[in-house]
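These notes concern the structure reproduced below.
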Amino acid sequence: MTTSQRDDTTGTAREGTLRKPLLRFRIAAMVTGIGLLVLVAAMVVRYGFGDATFSEVYSPIHGVIYMAYLVLAVDLGLKARWPMWHTVLVLLAGCVPLLSFVAERKVTHRVQQHPAY
């Protein structure tokens, strides 16, 4: 058995296949986290100061950002073979301000440490 064949069975090759989906997820998680903070600020302006202009413009944009996060998180979850409950928790993390940043760090660590999770 050659070294390259052994690498395929030990998970090293699998880690390489997760590199791009992980990078896409990390970017989406950061953008979603920042976008959610901007949405919170827009809601404060809307309900605290009575100006709905910014929230009317930004809310649909944030919806598209979150949908992209959902797609990329599911993509990574399928490729990394996560259990369903783990994928659902990562998806829900994009709904809570600041939690997407925490989820991104935990997911990155888990995928890098255990590529065959």
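Values in this text are rule-based calculations from the coordinates and carry no lab data. These numbers come from a predicted model, not from an experiment.
Tabulated values for the structure
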| quantity | calculated |
| --- | --- |
| Segment Phe49-Val74, extension gain: residue separation times 0.36 nm, minus the distance between their alpha carbons | 5.3 nm |
| Relative contact order computed over region 15-113 (Cα-Cα under 8 Å; 6+ residues apart), in percent | 42 |
| Full-extension gain in nm, Leu91 to Ile27, via 0.36 nm per residue minus C-alpha separation | 21.6 nm |
